[in-house]
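Worksheet for the structure shown next.
Nothing in this text is a laboratory measurement; each read-out follows from the coordinates by a stated rule. Remember, predicted model here, so these are calculated numbers, not experimental data. Note that we place each Cβ from the backbone using ideal geometry, even for glycine, and neighbour counts take in every protein chain shown.
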Amino acid sequence: MSQELRAVTRETPPAVKRPFFIINPAEAEKSGSLIPPLGLALINSALKSHGYQTSVIDLTFDTNLEQVKEILAKGGIYLITFTTTLVPRVQEVIRIIRAKDPAAYIVGGGAHPVARKEHVFDDVDLDAVALGEIRLTELADALHSTEPDRGLAGVQGLIFKSRGSVHINPPVDSWVQLDSLPLPDYHAFPVEKYFSAQGFRAVALSTSRGCPYRCTFCQPILFNLFGKKVRYASPARVVDEVEHLVKTLNVDFLIFVDDTFAFYQDRVVEICKEIVRRKIHVLWRCQTRVGLRRDVLEWMKRAGCFLIAFGVESGSQKILDTVDKDATVEMAEDTFRHCKELGILTHAFLMIGNIGETQETLNDTLKLAEKIKPSFYCLSIATPYPGTYLHEYAKANDIIMDADWDHYDHILTSPVVQLSQFTHEDLTRIKKEMELKINDEQETVRDITRLLFDTQFLRLMLRSVLRNPTMPFRMMRLAGRAIWEKSYGFRVSNPLTKA
Ligand code: B12
Ligand code: SF4
């Protein structure tokens, strides 16, 4: 936790602390990718470093919620994170907790509660909602004090229920400094289960919080989760975390899940230089916007980056402008060309069905895919998640067709809204047709084969093998799966859903 958190004056902790339960309600069969939950691992280490006892309930591989049914605690504090898609499962989890532990205090956080704010109490039976990275120690201390409501009223970014009314505290005014966060604690999470389900050993890390852009299908959720000003960890702190994850989990590769990993391109170069300087031999992938400089890509490759996922979205400048992407089609073309030349695998996030989509704009997207020839791609139908400008638009125009939260899923899609002239049936058919065409243009086999002859990549692989001798088998199986399935790059991230 941050310096300011450490400085928070505390009452003498009560003799018996209420146990904390950290809950991941995700479900493997319905997840796009299977990656151990980073946000919860950070919460776990923050609480533990302040002497609180925590138990992790990760339901990813627990379809029937057996772990929740086994809860014996009395007066536990339950911290649960969820996206919109998970709302029905969270309702069920909370129903069981309330039955098992009537004195439970349940706090929700993550994308859906932040997007819905006080309205989330209509969706799920929570006691409080954390708007982003609140100060957990203040929350914990308040819940352990003799006058919890007084304490809770002082926790910035908290919305809580008390005596039948909802209290909305002021938002967080100074966000946590990333360098002061403890390293994520995955100890109690079923990481080995994740690894065997994925078929490779990989975990997430995030070197920044937030994104300054305003894409209509994505923001302002990120502003609300992390503040408007993007925060960064220093290159040294980032590489400490890389080193820690490599040593403790013996990963095959790491996944930087920052929204725009390479927004500050010079910072990325610093991180890469530090990885190279410390002689850490690890492969990694990241997601970022198009428009990367070639010298930055060169450093990324040298430091172990083997795949970059780009938010390309559309091949039509008209659609890019409509969704406020603040990027051009040419930027995508240039960036993909550089990656090809340098031997970095590419993944393109593409979407159809946005406001203003026409046959012509769909053709532009196809043309762009033909040109950039991604190693992998994912074509989704535009989905207005709550908390986005797109959702506000859909609500204002009364075009939301389906209010079931679990249908908000742009990968395992169901019809939620009709934004363009195309119906959902049209778009589902168009998506399939486009996928067949893009599959023909994809250069999965070529790009992977080229990597196998790339001396820089091979040198890194060989050095990684010295610490992780079974890695090549998993990487070869992963490459085989990617080539065999040859369409969605992240299909290989969850063999269960093939999403
Ligand atoms: C990485 C990522 C993923 C990874 C998750 C990796 C992992 N397991 O860690 C994968 C690929 C699995 C994934 C899947 C999906 N994702 Co996603 N994902 C993200 C992304 C880019 C980063 C998340 C992250 O790690 N952030 C860094 C950590 C540190 O932050 P955090 O998780 O929010 O947690 C911190 C705070 O928020 C807070 N906090 C969080 N929860 C709680 C709970 C309590 C009680 C408290 C006190 C505090 C607290 O403390 C944490 C530590 O500081 C976000 C965008 C974003 N920047 O948040 C989208 C995002 C969360 N995903 C989104 C979506 C839509 C999905 C999918 C539905 C996509 C799909 N169709 O498959 C699925 C749903 C999966 C599921 N089962 O829930 C949307 C959610 C929109 C919404 N309204 O729900 C987001 C916001 C992107 C966007 N702008 O559209 N995702
Ligand atoms: S889509 Fe990407 S660039 Fe746009 S706001 Fe979201 S994270 Fe930022």
When the scattering of the chain is computed by the Debye formula from its Cα atoms alone, each counted once and equally, what is log10 I(q)/I(0) at q = 0.06 Å⁻¹?
-> -0.27
State, as an integer percentage, the relative contact order of the chain based on alpha-carbon contacts under 8 Å between residues 6 or more apart.
-> 14 percent
Counting only residues 5 or more apart in sequence or on a different chain, those whose built amide H sits under 5 Å from that of VAL417 are MET401
For segment 20-168, how big is the tail of P(r) above 19 Å, as a whole percent of Cα pairs?
-> 50 percent
At the level of C-alpha centres, the distance separating segment 211-257 and segment 150-182, in angstrom, is 22 Å
Compute the signed sum of charges (Lys and Arg +1, Asp and Glu -1) over the other residues within less than 12 Å, Cβ to Cβ, of PHE223.
-> +3
Cα coordinate range in segment 371-466, projected on the principal axes (Å, largest first) | 56, 30, 20
Those trypsin sites (Lys or Arg not before Pro) in segment 162-240 that DSSP places in a loop and that have at most 14 other beta carbons within 10 Å | ARG163, LYS228, LYS229
Packing-based exposure ordering (other Cβ within 10 Å, fewest first) of VAL238, VAL296 = VAL296, VAL238
Cysteines without a disulfide-compatible partner [the chain; Cβ-Cβ under 4.7 Å] = CYS211, CYS272, CYS286, CYS305, CYS339, CYS378
Expected sort for TYR393, TYR213, TYR78, TYR194 with the fewest Cβ neighbours (10 Å cutoff) up front is TYR393, TYR213, TYR194, TYR78
Computed FRET efficiency, Cβ-Cβ of ASN64 and HIS407, R0 25 Å: what is it to the nearest 0.05?
-> 0.65
Which is the longest run of the chain containing none of the GluC sites (Glu not before Pro) found in DSSP loop states (not H, G, I, E, B) with at most 12 other C-beta atoms within 10 Å?
-> 71-499
Per the helix-only calculation at 222 nm, which mean residue ellipticity applies to the chain, given -39500 (n - 2.57) for every DSSP H run of n ≥ 4 and division by its residues, nearest 500 deg cm²/dmol?
-> -12000 deg cm²/dmol
Taking r as the C-beta separation of THR328 and GLU360 and R0 as 25 Å, the FRET efficiency to the nearest 0.05 is 0.90
So LEU458 and HIS119, fully extended at 0.36 nm per residue minus their Cα-Cα distance, gain in nm 116.8 nm
When the Cα centres of segment 26-51 and segment 425-439 are compared, how far apart do they sit, in Å?
-> 34 Å
Summarise the long-distance tail of P(r) for segment 199-485 by giving the % of C-alpha pairs beyond 35 Å.
-> 20 percent
Where the centre of each part is set by its Cα atoms, how far does segment 70-93 sit from segment 293-330, in angstrom?
-> 37 Å
